[in-house]
Amino acid sequence: MNSIILRTATTALLPLLLLASVVILLRGHNEPGGGFVGGLTGAAAFLLHMLTYGPARCRRLLPLPPEAIIAAGLFVALFSGLAAPLLGEPLFAGLWTDFEPIPGVKVGTPLFFDVGVYLTVMGSVLWMILSIAQWPQAGAGAERGFVDDPQPGHGEAER
Amino acid sequence: MVLPLSVISLLALAALSPWLVRAAGRYAGWMAAAVPAGWFVWFASQIGAIAAGGVLAPDPVPWVESLGITLAFRLDGLSLLFALLVTGVGAAICIYASGYLGGHARFGRFMAALLTFMAAMLGLVIADDLILLFVFWELTSITSFLLIGFYREKEAARLAAMRALVITGAGGLALLAGLILLGLEAGTFRVSELLTMGDQITQSPRYLPILALILLGCFTKSAQLPFHFWLPGAMEAPAPVSAYLHSSTMVKAGVFLLARLTPVLGGTPEWTWTLKVVGGTTMVYGAVLAARSTKMKRILAWTTVSALGTMVMLLGLGVPGDAAAMTFLLAHALYKGTLFMVAGAVEHRTGEKDVERLGGLARRMPITAAAALLGALSLAGVPPLFGYTGKYLLKGGLEQSPWDSALLVAVTITGVGMMTAALLVAVRPFFGPRVGGEGGGGGVGGGVGGGKPASRTGEAGPGLLVGPAILATLGVLAGVAPGLFADPIVLGATDAVTGLPGDAELSSLHLFSASALVGPTGIALLGGVVLYVFRDRFRRSTAVLDRLGPLEGPALFDRGLAGVLALGRGQTRLLQHGSLTGYVRTCVVGLLVIGGSLLIGRLGTATLLPPHEAIRPVEAILVGLMASSAVAAAVFRHRLGSVAALGVVGLCAALIFLLFGAPDVAMTQFAIETLTVLILVLVFHHLPQFRVYTSRLRRAGDLVLSLAFGAFMTVMVLLAVDTGFGEPISAFFSEQSVAGGKGRNIVNVIIVDFRATDTFGELFVLALAGMGVATLLIARRQRSGAGTEPGDEVVP
């Protein structure tokens, strides 16, 4: 969208939104927030960029393709859960350290699990929406797009 | 622990074989052969101890302890016979595959599948646990699917592979049920413990279902009528596969299991008669079709069907038959392996499959011809080859069993067919005149006509010769000097089958007795020569068999498969009509019917309006706003308006979450609402025109449905509030959140700690949903032909 206001705002908002999404993720264990909503916020940040500059540039901005972000998220979540069985705990049991790099944020396997949730959610949303945005425009879509009501002679008799 | 190592080492070799092929190229097969050959030597070193009645049974490793399933292996005489075949013939096949397929682009994949099959087959024969045995059984079905369909670019190969998989897979399911029933009835899954429980099993009321299910599994695997048809079809496989799977291993798995379970299930009239009738019929049918065929591998495939029938029939005869069955089995593996490899070599060198178009190859391929001749003589049962010993004992078994003249006639007919088949595969292509145009001709030498010169004349390479030469030599040795190795192996196996030690009557003493050549054997051999001479007339006069086509297995199978697919298409058209409103309607109606019927029963007992706190004004306003927006979304005549109204509903819901102390849920709801609007904006141009598509009546119906659904949900929520849940779990969570989960946000602690495994599953669902959306859109983009990368200006 060719609007100077939007472009200027995006430049300033993108890093802020991403930062906010990370804050939401990290504070989630004690305050409202967490990986899921953090991931959604992170995805929204990138989608703002997409609205401004288009899906192709947005894809280039991403450090990894969306599908790779999903894969990374699943792996992080999985490995955070695999640590416990090594110490004789049940799978996915939370293990905590007393290390607290940021006040209020303790390091433990549930934190890594939440990071996995964050990445998976963000990747899935980005993947879906970027695919939709890069879908061929108008024409073909209008006739062959999602059927939200029967077309003539398609399953429904009454017209 | 050496025994299970044999299976593990073969599996490891299979995993490494693609790299082995990359490194060693076409000689990878020679190198890979070292492993099965090594195990062959090890198994051979056990012959003495096992034949003396010993058993090798390493300590079992527990597997599924709660069900009493163990990783137990055991080597007795029967296992040893099969283990020797699997590793010995397996080593020969590895070398042969190098010569036959060495240059193929997918040779690495082939070796991996072949070695996995070998490991599965070996595991199958040394497993001492019914479930473990079944796992290996299924593994042989799956790997043989890969091997039969190796030429995946050929439709016939794919079809043959699928037929084999469906038939043996269906039999496998029956077998699984049978084995579980058997295990439950006996109270153990250990084969070695079952072997002593024969009386208990055969007396039990579950004996018949157990027998029927297990026989179904064995008959499908061992290609008995009427499940035989996948075996000749499987000749689409490369020759090494035919030589290995369809002569000496896979199809014998059924025979193996029958033999293995003879002490458990055998001896009853049901067992005896089923095996005799099914086996006997298969035996004759296979022999007749073998004599009628003209393609070399197909002739051999039909003789395999016939031989499998023979073995099944012999196992049905009881003790005297068991010895014959084991001898016959060893003989068959030796000669059939030889002949299939010869057939592959001939096809490889000449490119011709039809024996009637080949001739005079003996001069060009003398070693191949010699191997073929030895194999064929054994196939025909000509003394002194080992095949003759098998045939001889076969008749001995018949004579010792209650006299059964019908079976004797059947065996004689089979002998005639086998002799003809032997002449067809070993004499016609190698010693027949180098003529033999279309349709062959009468007379021993075949007809006259334009001969097909061998396209690549000359002897096959060493890779194609080593295997058949070794097996053919072994066949001769076993016949001439049975004491060398054949007797101890077969005796050990027979003891294991009969459960009676040391009935050493097997001797080859009678081998050259004068009566051998007269009687049935002589008739069979002579008849075979006669039939060979008049084979054209025979083919014509039995042409009625060709017209059985529509009644034959493949046709029935294809019709059944087509029926299943048609059923699937029909119900898909009925349910997956592609109309989104239709889907919503189906879901709503379904929920109403199921949920409503549950609700009605409860309505009487529940109070619909339990005591509650006073409704705050802000709540009333929010609810009113939500309700009016929902109505507005339904009646607006502008899409944008409807979308906005839906957004209001969502935001109000988020506010309600906030009001009732669920800030997490509210936050998420806000984010979701934002993204939903974004998606709607993006797909706006793709949506069809926003106008009324449905009739007034249909809309009225939908209105009724919507109101009913709303009422249903309301009642359900009210009832849910009223229902006592016992002690709510929320108290536990609030208590444990800080203590156990080290977090004050209970929702988050539940998600990432208490219920982390659930969340992990949901993450996968989410990833799959994303993948689904993306791939659907990509597929549609490619189908609509707009393959170009959409530009950046796509977004409005």
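The values are calculated or read from the model by the stated rules, or taken from the named source; none is laboratory data. Everything numeric here is computed off the predicted structure, so don't read it as measured data. Don't worry about glycine lacking a Cβ; one is built from the backbone with ideal geometry, like all the others, and counts go over all protein chains shown.
Of the helices (runs of 4 or more DSSP H) contained entirely in region B:291-377, those carrying at least 1 residues that are under 27 Å from residue B:226 (Cα atoms) fall at B:296-316, B:319-350.
Could you grab me the full set of residues in region B:62-104 that are of a type in the set (Ser, Thr, Tyr) and either within 19 Å of residue B:5 (Cα to Cα) or in contact with a Pro (Cβ under 7 Å, 6 or more places away or on another chain) (or both)? Talk me through it step by step, then tell me what you get.
Step one: filter region B:62-104 for residues of a type in the set (Ser, Thr, Tyr), giving B:66, B:70, B:79, B:87, B:96, B:98, B:100.
Listed by number, the residues that qualify are B:70, B:79, B:87, B:96, B:100.
Consider residue B:682 carefully, then state whether it is buried (at least 18 other Cβ atoms within 10 Å of the Cβ) and free of Cβ contacts under 8 Å to residues at least 40 places away in the same chain. Taking the combined requirement at face value, the residue does not satisfy it.
Quick test of your reading of the structure: residue A:34 fulfils all but one of (1) modelled with pLDDT of 90 or more; (2) within 13 Å of chain B (Cβ to nearest Cβ). Name the failing condition by number. Just one mismatch for residue A:34, condition (1).
Considering B:219, B:189, B:227, the condition of being among the hydrophobic types (A, V, I, L, M, F, W, C), touching a strand residue (DSSP E or B) at 6+ places or on another chain (Cβ under 7 Å) and closer than 19 Å to residue B:137 by Cβ is satisfied by B:189 alone. Of everything in region B:673-701, what is more than 7 Å from chain A (Cβ to nearest Cβ) and either in a helix (DSSP H, G or I) or closer than 19 Å to residue A:46 by Cα (or both)? Give them in sequence order. If the condition is that a residue be more than 7 Å from chain A (Cβ to nearest Cβ) and either in a helix (DSSP H, G or I) or closer than 19 Å to residue A:46 by Cα (or both), then B:673, B:676, B:677, B:680, B:681, B:684, B:696, B:699, B:700, B:701 are the ones that fit. The requirement of being within 18 Å of residue B:116 (Cβ to Cβ) and in contact with a Phe, Trp or Tyr (Cβ under 6 Å, 6 or more places away or on another chain) is fulfilled nowhere in region B:29-43; no residue meets it.
Residues in region B:660-679 that are of a type in the set (Gly, Ala, Ser) and touching a residue at least 24 places away in the same chain (Cβ under 8 Å): B:662 only.
When region B:725-764 is filtered for residues that are surrounded by 15 or more Cβ atoms within 10 Å (Cβ to Cβ), outside any helix (DSSP H, G or I) and within 7 Å of another protein chain (Cβ to nearest Cβ), the ones remaining, listed by number, are B:741, B:742, B:743, B:745. Just checking, does region A:57-74 include any residue being more than 7 Å from chain B (Cβ to nearest Cβ), over 30 Å from residue B:680 (Cβ atoms) and among the hydrophobic types (A, V, I, L, M, F, W, C)? There is no residue in region A:57-74 that is more than 7 Å from chain B (Cβ to nearest Cβ), over 30 Å from residue B:680 (Cβ atoms) and among the hydrophobic types (A, V, I, L, M, F, W, C). All of A:86, A:74, A:119 fail the test of being farther than 19 Å from residue B:765 by Cα and at pLDDT 80 or above, apart from A:86. All conditions in (1) buried (at least 17 other Cβ atoms within 10 Å of the Cβ); (2) within 29 Å of residue A:39 (Cα to Cα); (3) of a type in the set (S, T, N, Q) hold for residue B:581, with the sole exception of (2). Residues of region A:96-128 that are under 17 Å from residue B:746 (Cα atoms) and more than 9 Å from every other protein chain (Cβ to nearest Cβ): A:104, A:105. Please identify the pairs in which a residue from region A:61-79 that is in contact (Cβ under 8 Å) with a residue 60 or more places away in the chain and over 14 Å from residue A:125 (Cα atoms) has its Cβ atom under 7 Å from the Cβ atom of a residue that is surrounded by fewer than 16 Cβ atoms within 10 Å (Cβ to Cβ) and basic (Lys, Arg), counting only partners at least 6 apart or on another chain. From residues that are in contact (Cβ under 8 Å) with a residue 60 or more places away in the chain and over 14 Å from residue A:125 (Cα atoms), there are no pairs.
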